[in-house]
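Okay, so here's the structure we're looking at.
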Amino acid sequence: MENKDIKSETSQQHVASGYFGGLIHGIGSLLTGMKTTMTVFFRAKTTEQYPENRKTLVLPERFRGTLTMPHNEQNEHRCVACGLCQLSCPNDTIEIISEMIETEEGKKKKILKTYHYDLGACMFCQLCVNACPHDAITFDQQFEHAVFNRKKLLMTLNHEGSKVIEKK
């Protein structure tokens, strides 16, 4: 009988030390978390107040905003409608519509009719820009694209009446 009393006394001590040991471990863990919270709380803030700092906002040079097709003063662009950007786009956000025309010399030439771009489906991977051999398209720094209607995100990049820059 004495042997049973010793075993039950030992198991009660083990349970008691386990309870208090767990409690002390929990309090230590809580204090560690509170220490981390307080150090972050008093650290210098790096948050930028976006709407207020619009005029002073500086974006990195490599920022990818909206895909654009630069035109010069004569409404000319560099796109020759080769379709490499359309082929390289993983989301099919680019659709190039071209047409064949006959030049004054009697040669057939492919020209750009419309360059459609779906900003809502673009994942800004820049594969289209990298694939373009003529540097006809690029990303700009514009980033405010919140709209209520997704149809406003469908864009035509070439301007009305624009043509390709002729090589001299």
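Annotations
- Which listed residue is touching a residue at least 60 places away in the same chain (Cβ under 8 Å) and not charged (D, E, K, R), from VAL129, VAL147: VAL129
- The lone exception for LYS107 - which of (1) within 19 Å of THR156 (Cβ to Cβ); (2) without any contact (Cβ under 8 Å) to a residue 24 or more places away in the chain it fails: (1)
- Some residue of the stretch 51-63 being closer than 26 Å to HIS159 by Cα and open to solvent by less than 80 Å² (accessible area, probe 1.4 Å): yes
- Of the strands (runs of 3 or more DSSP E) that lie entirely inside the stretch 68-159, those containing 1 or more residues that are touching a helix residue (DSSP H, G or I) at 6+ places or on another chain (Cβ under 8 Å) and either open to solvent by less than 70 Å² (accessible area, probe 1.4 Å) or of a type outside the set (Gly, Ala, Ser) (or both) span 94-102, 108-118.
The values are calculated or read from the model by the stated rules, or taken from the named source; none is laboratory data. On a predicted model such as this, the values are computed, not experimentally measured, just so you know. We place every Cβ from the backbone using ideal geometry, glycine too, and count neighbours over all the protein chains shown. Quick note on the areas: whole protein, heavy atoms, side chains included, nothing else; ligands and nucleic acids left out. Shrake-Rupley method; radii C 1.70, N 1.55, O 1.52, S 1.80 Å.
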